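Notes to accompany the following structure.
The values are calculated or read from the model by the stated rules, or taken from the named source; none is laboratory data. Predicted, not measured: the structure shown is a model, and the values here were computed from it. Every residue, glycine as well, gets a Cβ built from its backbone with ideal geometry; the counts of neighbours run over all protein chains shown.
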Amino acid sequence: MTKGNSTKITDELYAYMLAHNPPLDAVQRELVETTYARLPDHAGMQSAEEQAPILAFLVRLVNARHVVEVGTFTGFSALAMAQALPADGKLIACDVSEEWTAYGEEAWAKAGVADRIELRIAPALDTLRAMPAEPHIDFAYLDADKDNYIAYWEELVPRLRPGGLIAADNVLFHGRVVDPGATGAPAAIRAFNEHVVADERMDSVLLTVADGLTLSRRR
Ligand SMILES: C[S@@+](CC[C@H](N)C(=O)[O-])C[C@H]1O[C@@H](n2cnc3c(N)ncnc32)[C@H](O)[C@@H]1O
């Protein structure tokens, strides 16, 4: 194994990276600040700041019109993706918490993209299983309960159009993914990563972005 030119990300480099990415807009920034102020015990679940422009970039890259988000929390990642959609695009946002997603609904309205987002409050597996079975999804963001990642994957892959993408978050699980004795969420992510790399329907790359982000493209 060689690490080639891999760069260790210091705090200074992290700030430099953020400064050389598209900045958050006012609504995105306010939503991040509100989440940390009102939900300090849960705010760490929010996707990292640099993931907003990455998700927007990917939505545009595949010319997405149909997006699915599994795990919405206070709506930060959904906001970034919806803003990157065309006006007639649709994002189906899956979550079980009315309380947390209410912050998102407020921000989506403020940003003028509420009409592009359909919030489905239900276990995400039920929501996914109720979707049309044929390939129609252009982009999906997987960021909910880790125990169900493989089940979500199995619902999403057949519904992805060829060339469509899945982005799966937390695939390094705070570094705990390398522990073979891990139980619970890191063990579920370990199993998910094995599942993804063996799936011949998809081309996948695991990126060391934020807490680990796997990008997979339907062949
Ligand atoms: C990591 S957070 C999502 C963060 C969000 N993508 C963001 O960037 O702000 C995970 C979310 O998954 C939701 N969740 C957990 N189990 C779920 C399930 N079975 N079905 C749907 N959502 C679920 C939680 O309520 C929580 O809001």
Quiz prompt | Scan of region 20-31 for residues that are under 24 Å from residue 9 (Cβ atoms), surrounded by fewer than 19 Cβ atoms within 10 Å (Cβ to Cβ) and touching a residue at least 12 places away in the same chain (Cβ under 8 Å), ordered by number | solution = 21, 22
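Tell me, yes or no, whether region 78-87 has at least one residue that is near the ligand (Cβ under 10 Å from one of its atoms) and polar (S, T, N, Q). Talk me through it step by step, then tell me what you get.
Here is the first cut: in region 78-87, the residues near the ligand (Cβ under 10 Å from one of its atoms) are 78-81.
Next, from what is left, pick out any that are polar (S, T, N, Q): none.
Looking through region 78-87, none of the residues is near the ligand (Cβ under 10 Å from one of its atoms) and polar (S, T, N, Q).
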Quiz item: Looking at region 49-63, is at least one residue touching a residue at least 12 places away in the same chain (Cβ under 8 Å), among the charged types (D, E, K, R) and under 27 Å from residue 151 (Cβ atoms)?
Solution: no
Quiz prompt | Residue check, residue 71 touching an Asp or Glu at 6+ places or on another chain (Cβ under 8 Å) and surrounded by 14 or more Cβ atoms within 10 Å (Cβ to Cβ) | solution = yes
Quiz item: What is the one condition in (1) crowded, with 16+ Cβ neighbours inside 10 Å; (2) in contact with a Pro (Cβ under 6 Å, 6 or more places away or on another chain) that residue 215 does not satisfy?
Solution: (2)
Quiz item: Is there a residue being in contact with a helix residue (DSSP H, G or I) (Cβ under 8 Å, 6 or more places away or on another chain) and among the hydroxyl-bearing types (Ser, Thr, Tyr) anywhere in region 175-187?
Solution: no
Self-check item: Pair list, Cβ under 6 Å, 6 or more apart: region 64-79 residue modelled with pLDDT of 95 or more, other residue charged (D, E, K, R) and near the ligand (Cβ under 6 Å from one of its atoms)
Solution: 71/143; 72/95
Quiz item: Would it be correct to say that residue 92 is in contact with a strand residue (DSSP E or B) (Cβ under 8 Å, 6 or more places away or on another chain) and not small (Gly, Ala, Ser)?
Solution: yes
Quiz item: Looking only at strands (runs of 3 or more DSSP E) that fall completely inside region 90-208, which ones have 2 or more residues that are more than 15 Å from residue 72 (Cβ to Cβ), in contact (Cβ under 8 Å) with a residue 40 or more places away in the chain and among the aliphatic types (A, V, I, L, M)?
Solution: 160-169
Quiz prompt | Condition met for residue 69 (assigned to a loop (DSSP other than H, G, I, E, B) and within 13 Å of the ligand (Cβ to nearest atom)) | solution = no
Exercise. List the number of the failed condition for residue 74; all other conditions in (1) within 10 Å of the ligand (Cβ to nearest atom); (2) assigned to a helix (DSSP H, G or I); (3) within 21 Å of residue 121 (Cα to Cα) hold.
Key: (2)
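If you take the residues in region 141-157 that are within 18 Å of residue 62 (Cα to Cα) and more than 12 Å from the ligand (Cβ to nearest atom), which one is surrounded by the most Cβ atoms within 10 Å (Cβ to Cβ)?
Taking the candidates together, the pick is 156.
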Quiz item: From the set of residues in region 101-127 that are small (Gly, Ala, Ser) and touching a helix residue (DSSP H, G or I) at 6+ places or on another chain (Cβ under 7 Å), which is surrounded by the fewest Cβ atoms within 10 Å (Cβ to Cβ)?
Solution: 114
Quiz item: Looking at region 1-60, which of its residues are at pLDDT 95 or above, not in a helix (DSSP H, G or I) and not acidic (Asp, Glu)?
Solution: 10, 20, 21, 22, 23, 24, 39, 40, 42, 46, 47, 48
